[in-house]
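Down below is the structure, laid out as structure tokens.
The values are calculated or read from the model by the stated rules, or taken from the named source; none is laboratory data. These figures come from a predicted structure and were not determined experimentally. Cβ coordinates were reconstructed from backbone atoms using ideal geometry, including for glycine residues, and neighbour counts include every protein chain displayed.
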Amino acid sequence: MRRMYAAWLTMALAVVAAPGSAAAADKQHQQLMAEIRMLQEQQQQLQQMLGTLADSLKALNTRLDDQTSASRKAFADQTLQLNTIGDGVRVLREKVDDTNVRLSSLTQEMDSVRQAVAQVPPQSVSAPGTGATVTDPTTGVGGAQPPGSNPANPIPPGVSPQRLYDESFADYGAARYEMAIQGFQMYISAFPRSPQAADAQTYIGRSLFYQNKLPEALAAYQKVVTDYPQQTGSVATAYYNIGQVYERMNQPDQARRAYESAVRTDPTSNSAILAKQRLDALNKKD
């Protein structure tokens, strides 16, 4: 731009110095001056544009710096999260390995329990106060059992009472009712004073009920009532279950008496609440 300005200035001086008419020289001088002013204005505009461009570049650089800082921070945060997740995965793998070891041990103990259960001799369950003798569900062999006597049920070495109960309950939950009955009978025989003995007897009754062995189920539930009278919650549950059996047997009067006994035994229990509902349903049918 400066070179062009100098060139135009040189030409202007040359025209002024050259011979010719004064009017022509003045006209050329005016044109040159006008073009010089235009060049000066263009130069100013270019300078303004360069200033604006410089500001824009500065703002762009600032934004790029901010975005770079934000990206670095986000990357650092993601790296930290990935490291945290990796640590969590390692912990989970360790827990899974430990769980697999425990499951293997439990499986071995379960096999021991089942082998022991398979060796349990047949036993009969008599309904107290009724004189009825219930046939052992696994063999079909019946017979009276002397009062207070328990068949020998060897417990495998290293198997705790809770483990035996849990394994029997697992068989019950999986609908292996024959195995569940044998396991719970073994538990009651070995640990008759256990707080869970009444529950074990209840699950024997339910296992029989789900096999539609209704007289045997009645006898099993009645055994809860007679053998564990101090455990009112279990007794109320037994009465409710007795009512269920009688309903299945289409004997509504006996079912009502059983439900009423459940309510009297433990009025605030869940079994009593369910018994009240069944009483209302039976009364509506009349």
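At a glance:
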item	result
Residue that is farthest from Glu216 (Cα to Cα), among those in the stretch 232-281 that are assigned to a helix (DSSP H, G or I) and of a type in the set (Asp, Glu)	Asp280
Unique residue being in a helix (DSSP H, G or I) and modelled with pLDDT under 95 when the list is Lys223, Lys284	Lys284
Condition met for Ala200 (in a helix (DSSP H, G or I), out of contact with any strand residue (DSSP E or B) (no Cβ under 8 Å at 6 or more places or on another chain) and farther than 24 Å from Arg176 by Cβ)	no
Failed item in (1) under 30 Å from the mean Cα position of the chain (by Cα); (2) at pLDDT 95 or above, with Glu178 passing the rest	(1)
Conditions (1) closer than 18 Å to Ala200 by Cα; (2) in contact with a helix residue (DSSP H, G or I) (Cβ under 7 Å, 6 or more places away or on another chain): number failed by Gly233	(2)
